[in-house]
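The next block holds one structure in the form of structure tokens; read it before the comments.
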Amino acid sequence: MKKRYDVFISYRRSGGGREIARILDAEIDKSRYNSFLDFNELKDSAFGPQIMEAIDSAPVFLFILSQGALDRCVNEDDWVRKEIMYALSKGKHIVPVNPDGLFKEFPEGVPQEIVSALGDNQQSDLMLGQLFKDSVKKLIKERIRPYVPRVRWVRRIVAALCIIAAVCIGSLVMDYVNSGKAVQDDYNQYVEYIDQARGMMADHDSSSVVVELLNKAE
């Protein structure tokens, strides 16, 4: 089964784009969204089809406007240009990210479709200093979360609950079989896991369907 992504991160490796992409990818993953970054995800095979499949999967296409990121987009065979144009053709939600507000203008010769997509859409400021994590949280809350289907969260939480339940039940059975030990402590731990899962979902504006699933799991 092909892996599904929530966010595709597109960037130019030069001009600091690679470093920004890697730390941004890590922060997005910490927020429990699946982000695609070619540095981490590409395997030993033709990378073109893998990239296109990842863009197809992800509802959000995030582009890092680092220094000189669009300079080579004047060339038709430029890969960054191909990524952006493909995302536009698939109707993806385009999120231009302007690190420290350094990006000012588009180079001459860049296709008008790219200029419109990255210029007309609101650019998200990304602060690279002490406010970095706060600016990433704002980016996720306002530019990513509303465009990721909630059904993906339902599937993830149900899968997590199944794993938790299997581990706890296995622990209870082994305790009973091996030693006859009282199982109250393990049960309390299970309840604690459920409460943590409910809290996590509440932080992500979960639907009532998921809350109902959590309640039934108890």
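Just so you know, all these numbers are worked out from the coordinates, no wet-lab data involved. All values reported here derive from a predicted model rather than from experimental measurement. When we count neighbours, we look across all protein chains shown, and the Cβ atoms used for this are built from the backbone with ideal geometry, even at glycine.
Applying a threshold of 9 Å to beta carbon distances and a minimum spacing of six or more residues, or different chains, the list of pairs starting in the range 1-20 at a residue that is free of Cβ contacts under 8 Å to residues at least 24 places away in the same chain and ending at one that is buried (at least 22 other Cβ atoms within 10 Å of the Cβ) and among the aromatic types (Phe, Trp, Tyr) reads Arg18/Tyr11.
Out of the range 69-91, which residues are in contact with a strand residue (DSSP E or B) (Cβ under 8 Å, 6 or more places away or on another chain) and surrounded by 19 or more Cβ atoms within 10 Å (Cβ to Cβ)? Within the range 69-91, Ala69, Val80, Glu83, Ile84, Ala87 meet the criteria. Among the residues of the range 98-131, count how many are part of a loop (DSSP other than H, G, I, E, B) and without any contact (Cβ under 8 Å) to a residue 60 or more places away in the chain. The qualifying residues number 19. Please determine whether any residue of the range 88-96 is more than 16 Å from Gly17 (Cβ to Cβ) and touching a His at 6+ places or on another chain (Cβ under 8 Å). For the range 88-96, residues more than 16 Å from Gly17 (Cβ to Cβ) and touching a His at 6+ places or on another chain (Cβ under 8 Å): absent.
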